[in-house]
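Okay, so here's the structure we're looking at.
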Amino acid sequence: MNVLVINAGSSSLKYQLLNPQTETLLAVGLCERIGIDGKFTYKPQLDGKETLKAIDVAMPTHSEAIQAVLNALVDEKNGVIASMKEIDAVGHRVVHGGDVFSGSVLITDDVMKALEDCIPLAPLHNPANITGINACVAVMGADVPQVGVFDTAFHQTMPAKAFTYALPYKYYTEDKVRRYGFHGTSHKYVAGRAAAMLGKDVADLKLVSCHLGNGSSVTAIDAGKSVDTSMGFTPLAGLPMGTRSGDIDAGIMEYLMNKHNMDITEMVSILNKKSGVFGVSDLSSDFRDLENAGKDGNAEAALSVEMFNYGVKKLIGSYAAAMGGVDAVIFTAGVGENSASQRLDIAGGLEFMGITMDAEANKVRGEETVISTADSKVKVLLIPTNEELMIAMDTAAIVSAL
Ligand code: ADP
């Protein structure tokens with residue numbers, strides 16, 4: 001079965017065509033500057049096929065972008081399938097499923113209505129995701145099943161004590177203000193891979209999954225279910241990130257807004273775009289730059305990385321306490337998969353809780369590896385995430401059951 005995976009943004013659209021059963025990637029690419037001057041990138045994964053890199057293709061709307069993707073996939077010379085009939089289903093990444101969706105779903109009219117209802121919760125992301133779905137239906141026809149896979153769904157198993165904010169309760173009941181959590185597709189994928197690596201059923205494992213990238217979140221996964229996670233009502237919560245502040249004392253906002261005569265839009269923009277490791281270092285949101293600058297004696301760059309690592313370490317400890325133990329800690333995403341020094345800084349010094357890092361085994365990047373010692377009671381795992389494969393797997397499962 002071939003699944004086209006679509007991740008639609010407001011002016012961009014990432015896509016992959018893959019077979020989730022054989023885990024074969026057929027093509028991957030990106031439409032950029034939709035509605036502007038249209039740039040199209042296509043990377044077929046079969047021998048002898050040519051890559052197209054940021055070529056000019058008119059894409060006034062997402063529909064032309066999807067059409068460009070289909071044209072490339074079936075192209076006589078550089079295509080990877082003979083016709084559109086070889087696309088069995090489309091899986092869409094959708095950022096916010098509110099408290100309505102606790103798993104992936106076949107898109108129907110009712111589902112589209114529920115997605116519209118979730119727009120206030122993710123006003124920047126959900127409208128683009130909806131546009132992507134509408135464009136696929138318009139171009140591919142109603143016969144090709146479309147499936148929605150939500151960043152929030154995996155976390156719907158959190159108990160009320162983990163997802164409720166200590167605010168007047170009516171803000172939860174009337175306004176849906178609660179912890180939702182994000183990166184759910186990634187956390188779910190690596191939890192499944194961790195179980196496979198350890199040769200155990202995920203139902204028998206307590207896991208702490210650390211998705212550390214430009215956006216970062218840590219999740220406590222007990223018996224395959226998310227029981228707590230560090231992002232909240234929005235992805236602004238939890239760890240300091242590339243440019244996001246993560247958790248701060250909400251009182252700081254009033255103080256700074258009064259002192260510098262800022263309105264709330266300006267304040268929130270600072271928290272989202274000018275804070276995190278970028279804000280502290282005043283240098284970069286990229287951890288590679290910060291690590292290098294730290295080595296060259298830039299104290300704030302070093303501090304920003306230290307703060308980030310310290311935040312992850314504290315979450316590992318608190319989630320182990322929340323679950324009454326932990327069998328494995330997982331590192332994934334850009335930083336988690338690539339930065340040996342940060343993994344060592346985060347998971348080092350945790351011998352008291354049964355975690356002993358293997359400094360040699362840790363000198364690896366981007367491949368599934370156990371990076372704790374053989375006698376470490378708690379295993380530490382490096383697992384490259386693959387959200388597209390997870391979306392394709394969920395899509396295939398839903399479509400196969402139709
Ligand atoms: P996102 O998907 O959230 O944009 P990624 O998961 O791709 O982010 O992670 C991107 C981040 O990973 C970059 O900001 C960079 O700081 C970090 N990263 C990538 N490679 C390395 C590395 N070798 N060492 C440290 N950090 C790295």
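Some notes on this structure:
- Residues in region 265-281 include none that are within 14 Å of the ligand (Cβ to nearest atom), touching a residue at least 12 places away in the same chain (Cβ under 8 Å), within 18 Å of the chain's Cα centre (by Cα) and assigned to a loop (DSSP other than H, G, I, E, B).
- Qualifying positions in region 184-234 - open to solvent by 10 Å² or more (accessible area, probe 1.4 Å), assigned to a loop (DSSP other than H, G, I, E, B) and away from the ligand (no atom under 16 Å from the Cβ): Gly199, Lys200, Asp201, Ala223, Gly224, Phe233
- Qualifying residue in region 210-231 (condition: polar (S, T, N, Q), more than 19 Å from Met307 (Cα to Cα), in contact (Cβ under 8 Å) with a residue 12 or more places away in the chain and touching an Asp or Glu at 6+ places or on another chain (Cβ under 8 Å)): no
- Looking at Val74, Val57, just one residue is out of contact with any Gly (no Cβ under 7 Å at 6 or more places or on another chain), open to solvent by 10 Å² or more (accessible area, probe 1.4 Å) and not polar (S, T, N, Q), and that residue is Val74.
Residue-by-condition table, conditions (1) of a type outside the set (D, E, K, R); (2) open to solvent by less than 60 Å² (accessible area, probe 1.4 Å); (3) farther than 18 Å from Ser216 by Cβ; (4) away from the ligand (no atom under 12 Å from the Cβ):
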site: Asn298; (1), (2), (3), (4): yes, yes, yes, yes
site: Ala321; (1), (2), (3), (4): yes, no, yes, yes
site: Ala340; (1), (2), (3), (4): yes, yes, no, no
site: Gly349; (1), (2), (3), (4): yes, yes, yes, yes
site: Met357; (1), (2), (3), (4): yes, yes, yes, yes
site: Ser372; (1), (2), (3), (4): yes, yes, yes, yes
site: Asn386; (1), (2), (3), (4): yes, yes, no, no
site: Leu389; (1), (2), (3), (4): yes, yes, yes, yes
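- Candidates Gly334, Gly366, Gly317 - the one that is under 24 Å from the mean Cα position of the chain (by Cα), open to solvent by less than 60 Å² (accessible area, probe 1.4 Å) and modelled with pLDDT under 95: Gly366
- Residue match in region 355-377 (condition: part of a helix (DSSP H, G or I) and charged (D, E, K, R)): no
- Residue that is nearest to the chain's Cα centre (by Cα), among those in region 168-183 that are in contact (Cβ under 8 Å) with a residue 24 or more places away in the chain and surrounded by fewer than 24 Cβ atoms within 10 Å (Cβ to Cβ): Arg179
- Whenever a residue of region 320-347 is part of a helix (DSSP H, G or I), its partners that are open to solvent by 10 Å² or more (accessible area, probe 1.4 Å) and of a type in the set (S, T, N, Q), lying with C-beta atoms within less than 7 angstrom and at least six residues away or across chains, give the pairs Ala333/Thr385; Gly334/Asn214.
Yes/no per residue for (1) open to solvent by 50 Å² or more (accessible area, probe 1.4 Å); (2) out of contact with any Leu (no Cβ under 9 Å at 6 or more places or on another chain); (3) at pLDDT below 95:
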| residue | (1), (2), (3) |
| --- | --- |
| Leu124 | yes, yes, yes |
| Ile133 | no, no, no |
| Val147 | no, no, no |
| Ala153 | no, yes, no |
| Phe163 | no, yes, no |
| Ala166 | yes, yes, no |
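- Counting only residues that are surrounded by fewer than 18 Cβ atoms within 10 Å (Cβ to Cβ) and within 20 Å of Asn386 (Cβ to Cβ), region 42-54 holds 3 of them.
The values are calculated or read from the model by the stated rules, or taken from the named source; none is laboratory data. What you see is a predicted model, and the numbers here were worked out from it, not measured in a lab. Methodologically, a virtual Cβ is constructed for each residue, glycine included, from the backbone with ideal geometry; neighbour enumeration extends over all protein chains shown. These area figures cover heavy atoms from the full protein model, side chains too; ligands, DNA and RNA do not enter into them. Shrake-Rupley method; radii C 1.70, N 1.55, O 1.52, S 1.80 Å.
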